[in-house]
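The values are calculated or read from the model by the stated rules, or taken from the named source; none is laboratory data. Note that this is a predicted model, so its numbers are computed, not measured. Here the Cβ positions follow ideal geometry from the backbone for every residue, glycine too, while neighbour counts run over all protein chains shown. All accessible areas refer to the heavy atoms of the entire protein, side chains included, with ligands and DNA or RNA removed. Shrake-Rupley method; radii C 1.70, N 1.55, O 1.52, S 1.80 Å.
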Amino acid sequence: MEYDYIIVGAGTAGSLIAHRLATESNFTFVVLEAGGGSHPLLEIPIVGPLLHGTVYDWQYETTPQENACYAMVDRKCRLTQGKIVGGSSKLNNMIHVRGNVSHYADWFHGKYTREYFQRQLDYVEDNIFNLDHVQYQSELTDAVLDAAKELGYESLDGVSEKGFRRSRVTQKDGKRWTTSDNLDVNRHVISDSLVEKVLIIDRRAYGVSALISGERREIFARKSVILTAGALNTPKILQLSGVGPAELLNSLQIPMVQNLPVGLNLQDHVGTGLDLILLNKTLSMNVANMLNPFNLLYYLQGKGPWTNPGCEVLGFLSTKNSTTPDVEVMVLPVGISSDRGTFLRKRLGIRDEVWNGYFTKTFEKHTSTFFTVVLHPKSTGTVLIRSTDPKIPPLIDPKYLREKEDVDTLTAGLRLAMRFLETGSLKSIKAHLNVAPFPGCSHHEFFSDSYLECYVRHLTLTSYHPVGTCSMGLPESRKSVVDTSFRVLNVQNLYVADGSVMPTLPSGNINAAIAMMANIFYETNIKNASLKIDKAHCNRYDQMYQYLFKICSKG
């Protein structure tokens, strides 16, 4: 099989690029997706968390963490990543956040202006995404927004960087929506396709080797191979292809194509605060309501509890009294203890003694979470293959909370979030702090600095926002894997266009930023290129075809 473009991964980025190729060009392409197809049941928003740890999830986990994840089995945090057409956007909370545009300008080292990124985000929102407000929310939403006003926080209006707002989500008619919904999947996507490596000769990528339904196949690309497999799988593919740290490749006897820092600089939004809010009365968003089959009727009308994304309100705060936020607070109306340990605690890998010593004590209350996240952690980690077998997961060591500054920011963020419990708005719905000592931290004075440090090191949680493992930068930088045109350094016809190229984390949930980066990739490397005729690579008998369609029929 031969195509102009091979896209590896059908998540947000890969599906966006494929959609624009299909609707705006005459290029041939294929999208290779390791997972299977979707199903209408998976479009129900409340189903998302139930897919964690299933065949729709890569089921990755961290290595044992030295400074975090103490409450988890073997000190390993679970790292859910979507293994399905649609990628992780089939499993996430659907939250749409633009982030701080000035950071995007930094990524490209001044190549583009702030206005350029605003236009790119406008394009994605107006032409690619389906965005909507939360169709069903609990009483907690209004109470938190009113409490924010009491505390003097602004309402986010698209201009302010700090403040609170209702969640805006990627939904259509109350159903989960992803960029893969724009695709003719049967025509353009080959599922159950595990890409083993990129085929490279003389530092030029010309295809991929993949296991398609268990059968090894080689697929060839006339123009380029585009990796959009995510920040955990893209570095794995590159390393297996001989593009990565020389020491790693040599240790596994992989012929080295290019020595690059692939798999380094892993960053993730780390947070804490599960079930830290208790209420004496049950909110309208609760497990019994979610399981009520009559709510199917509301869902079919795009309404009701089944449309709830799990996160109703977002807040962006500064622990340093700066104009730029350094923590995000996600208001989750239903805690993990709500299912009595049936599913959610298993997906997180919480140890029995922690569950029994803390979470079971809340069974008689309604639990909610102000999930507090460090937006720009200083701790960075690695994603490194441990074998030449592509079926073996890489070693993922995010080194959560290795830097003390991350702990200080997270604990300060928790204190800011807990101030909401002092407001009349939260008191009116009988919300109060869970004062049960966390197992392993009871020897510290409750809510003291030492207690909170112990708490966050135990109850460490990922937001499932990994980035940075194929960082964009200037070619002369030792930290760069791709240049500001998304090209893998010193390897022709090979590109990366997913979250792994982000050298730092966006200021918020990452799906919008990933879509923006994929759109920039398409604009600069495909759309603009399609307006030019590369006569050096065209058969002389194809001049009319070139003239009409601005492409070559043969590579």
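Descriptive notes on the structure:
- Backbone HN-Hα couplings from phi across region 276-292 [Karplus 6.51/-1.76/1.60, Hz, Gly and Pro as x]: 7, 10, 10, 10, 6, 10, 7, 6, 5, 8, 8, 4, 4, 5, 5, 8, 5
- Computing Cα Rg over 2.2 N^0.38 Å directly from the structure and comparing it against [x] 0.97; [y] 1.15; [z] 2.21 singles out [x].
- Karplus-derived HN-Hα couplings along region 202-207 (A = 6.51, B = -1.76, C = 1.60, θ = phi - 60°), whole Hz, x at Gly and Pro: 6, 6, 10, 6, 10, x
- Label-to-label distance for GLU150 and ASN26 is 6.5 nm, based on points extended 7 Å past Cα in the beta-carbon direction.
- For region 79-165, the Kirkwood estimate of the hydrodynamic radius, built from every pair of different alpha carbons, is 15.9 Å.
- Net charge in the neighbourhood of GLY424 (other residues with Cβ under 15 Å of its Cβ; Lys, Arg +1, Asp, Glu -1) is -1.
- Based on DSSP H segments of at least four residues, each scored -39500 (n - 2.57), the chain has a per-residue ellipticity at 222 nm of -6500 deg cm²/dmol.
- Once C-alpha pairs closer than 8 Å and six or more residues apart are averaged by separation and normalised to the residue number of the chain, the relative contact order reads 22 percent.
- Per residue, region 113-177 exposes 51 Å² of accessible surface when a 1.4 Å probe is rolled over the protein heavy atoms with every protein chain present.
- Listed residues ALA148, GLN120, THR178: farthest to the positive end of the dipole of region 92-193 (Cβ charges): GLN120
- Surface per residue (accessible, 1.4 Å probe) for region 413-485, Å²: 41
- In order along region 50-61, phi translates into HN-Hα couplings of 6, 8, 5, x, 9, 5, 8, 10, 5, 6, 6, 8 Hz, rounded to whole numbers, per the Karplus curve 6.51 cos²θ - 1.76 cosθ + 1.60 with θ = phi - 60° and x for Gly and Pro.
- Unit charges at the beta carbon, dipole of the chain: most positive-side option, HIS465, PRO377, ALA515: ALA515
- A straight Cα-to-Cα reach below 18 Å connects LYS197 with the lysines LYS83, LYS223, LYS236, LYS391, residues fewer than 8 places away in its own chain not being considered.
- Amide H contacts for TYR60 (H built 1.01 Å from N in the peptide plane; partners 5 or more residues away or on another chain; cut-off under 5 Å): LEU79, GLN81.
- Taking packing as the residue-averaged number of other Cβ atoms within 10 angstrom, the listed peptides 478-490, 345-357 run from highest to lowest as 478-490, 345-357.
- Our estimate of slack between LYS430 and ASP173, defined as 0.36 nm per intervening residue step minus the Cα-Cα distance, is 89.2 nm.
- Tail beyond 15 Å, pair distance distribution of region 320-367 (Cα, percent): 55
- This model, with +1 at the C-beta of Lys and Arg and -1 at the C-beta of Asp and Glu, gives region 1-144 a dipole about its Cα centre of some 300 debye.
- One decimal place: the segment ASN490-ARG187 gains 105.8 nm when fully extended, by the rule 0.36 nm per residue minus the C-alpha distance.
- Of all DSSP beta bridges in region 1-160, antiparallel share, percent nearest 5: 40
- Every pair of different Cα atoms in region 370-512 enters the Kirkwood calculation, which places the hydrodynamic radius at 18.2 Å.
- Inter-label distance for VAL55 and LEU252, nm, one decimal - labels placed 7 Å from Cα along Cα-to-Cβ: 2.7
- Test item: Cα-centred dipole of the chain, Lys/Arg +1 and Asp/Glu -1 on Cβ, debye: 680
- Nonlocal amide H pairs with ASP4, under 5 Å, H built at 1.01 Å: THR28, PHE29, ARG222
- Nearest-0.05 FRET efficiency for LYS320 and GLU403, computed from C-beta distance (R0 22 Å): 0.90
- Split the accessible area of the chain by element, probe 1.4 Å, and carbon with sulfur accounts for 49%.
- Across region 350-396, Cα-Cα pairs farther apart than 13 Å form 75% of the total.
- Net charge in the neighbourhood of LYS303 (other residues with Cβ under 14 Å of its Cβ; Lys, Arg +1, Asp, Glu -1) is 0.
- Alpha carbon convex hull of region 6-67, volume per residue in cubic angstrom: 148
- R0 of 41 Å, Cβ-Cβ distance LEU291-ASP202: FRET efficiency to nearest 0.05: 0.10
- Straight-line reach from LYS149: taking Cα to Cα under 23 Å and skipping same-chain neighbours fewer than 8 places apart, the lysines in range are LYS162, LYS320, LYS427, LYS430.
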